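Structure first, commentary second.
The values are calculated or read from the model by the stated rules, or taken from the named source; none is laboratory data. The structure displayed is predicted, hence computed values, not measured ones. Note: ideal-geometry Cβ built from the backbone for every residue, glycine included; neighbour counts use all protein chains shown.
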Amino acid sequence: MKTKNIFKTMLPVLFLAAALLLPTRTGQAQEKNYQPCGITLTSLSHHSGAPGDEFKLYGTWGPTQGSKIPCINKGGMNKLIVLNWTASAIKVRIPPGLAPGAYKVGVYCNPLSQGGSYSSGWKDFKVTAPAPKVDIDVSDIYLDNKCRLWVKHTNRGDAPLNVVLRERVWVNGSQIDDSTETLVINAGQWQGHGILADPGYIVHGQVRVKIQIDVDNTLRETNERNNILTKTVRCMKKLKPLPVKTINPKQLKLKKN
């Protein structure tokens, strides 16, 4: 009698356990939410790069991206920025903010939110630290208190600069200088120098000046457009007043006709 009562008490628990263990229709539907998409990764154009760098994934990709997701993963999913997609190559950019280290590059067939995804297979990729930003400009063209022509260069990069660069100077359309300048400037600082050797180029009146630094493109800069500056400068020297002599009318001698 006792055994029958125990069985009756346990029966609801057994039914609940069986329901939890058996696959449900909902679970079966989730398993079918993603399918193979026929993509294959065969090679990479580069195996290392810094955030912001670009490279290509070669393989079989289909004519359009659709729901496919190129990624660069390390302990989590990081989406690559897609720049161009063809059936045999995907051009991508490494997203900003990735820490240096070893990653895996590949392409998912669909978002993982669908319960999972097939993929193209994965290749090793090393993310490196970003290279220091290099940028030198022509910040200003000005005259000193003796009307000598000067130029100001600012290091707008994020690393110290110690370099010899070629510089050209034009005044009113005519080139007056083509020489090299040694620039030793910390990041965010500036350096000025006079144009031509002592006594320098002295401006009279108003002139139009153009100065270009890094004529030979020695530096690979983030901004090449600020290497040239054109500016009008003027130097109007005041004439010294002529001395005025006071004449006493009594000292004047009148001539008689």
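Data for the structure
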read-out	value
Any hit, the range 162-184, residues being under 27 Å from Gly97 (Cα atoms), of a type outside the set (Asp, Glu) and not assigned by TED's automatic domain parsing to the domain that holds Asn78	no
In the range 60-74, the residues that are surrounded by fewer than 19 Cβ atoms within 10 Å (Cβ to Cβ) and either closer than 17 Å to Lys123 by Cβ or not assigned by TED's automatic domain parsing to the domain that holds Trp122 (or both)	Thr60, Asn73, Lys74
Every residue from the range 203-247 that is exposed (fewer than 12 other Cβ atoms within 10 Å of the Cβ), modelled with pLDDT of 90 or more and either closer than 24 Å to Leu143 by Cβ or outside the structural domain of Lys146 (by TED's automatic domain parsing) (or both)	His204, Gly205, Gln206, Thr232, Arg234
Pairs with Cβ under 7 Å, 6+ apart, first in the range 119-140 and within 13 Å of Thr154 (Cβ to Cβ), second aromatic (Phe, Trp, Tyr)	Ser139/Trp190
Per-region count, the range 129-187, residues closer than 30 Å to Asp53 by Cα, of a type in the set (A, V, I, L, M) and over 21 Å from the mean Cα position of the chain (by Cα)	5
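Here's the yes/no breakdown for (1) part of a strand (DSSP E or B); (2) surrounded by 14 or more Cβ atoms within 10 Å (Cβ to Cβ):
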| position | (1), (2) |
| --- | --- |
| Ala102 | yes, no |
| Asp124 | yes, no |
| Ser139 | yes, yes |
| Asn145 | no, no |
| Asn162 | yes, no |
| Thr182 | yes, no |
